[in-house]
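A short write-up of the structure that comes next.
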């Protein structure tokens, strides 16, 4: 039997989890077909070794299931992450892992982007994993170094997300660990004179993930993940009606570690 991982000591200060981040998400698209959208949501910051367990009456408002991340077939999200890292030839960092993501609400969840900050036993940041989902049921992970927390994270686009953007180009990601404020930025440049540039930002302020905080978030955003899914489709229809050409969707081959 494999030894049970002992949870890393809970951190003190602004990086402590769990926490709620009521957020504003913006997408600004430039190029031949400029477009901008803005929506509100609420993200959770959680420690994968100490996932929050709400009182029974509140559990429909926030659940974190292993099936929603990575291959979806491991007993825990942490094990799914470790399997993905092993498939990339990277040893698990061994220390605390923080995840920023939407929770499953009333049985539904959709995470366009989940971020994992993986620390070593010494507390130092070792890896950042950006997990992307599309509305076709696919998911893809980008493994970045600790430099992603300071704005120097680069990755080649390998996954079909928007039907209006090709599977080409380069991401530049700035994914610092949330503190009192949450500020994430992802930029995509497809290159060329007729290329597109998409800039997505997530900004929010830390709130306690206690009973009052969860209820307050539920009142402001009663079914946030369903709102995300509907919003993506609504804006997709608007772009289509504007005559933005749809890019062919290639067959997606799941990554090793996500099969």
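The values are calculated or read from the model by the stated rules, or taken from the named source; none is laboratory data. Computed from a prediction, not measured in an experiment: that's the story for all the values here. Note: ideal-geometry Cβ built from the backbone for every residue, glycine included; neighbour counts use all protein chains shown.
Brief remarks on what is shown
- Any hit, segment 68-80, residues being under 18 Å from the mean Cα position of the chain (by Cα), assigned to a helix (DSSP H, G or I) and touching a residue at least 60 places away in the same chain (Cβ under 8 Å): yes
- Residues in segment 67-105 that are modelled with pLDDT under 90 and more than 21 Å from residue 17 (Cα to Cα): 91 only.
- Residue satisfying all of: in segment 25-67; loosely packed, with under 13 Cβ neighbours inside 10 Å and assigned to a strand (DSSP E or B); farthest from the chain's Cα centre (by Cα) among these: 36
- Residue check for residue 137: more than 27 Å from residue 103 (Cβ to Cβ), outside any strand (DSSP E or B) and modelled with pLDDT under 95: no
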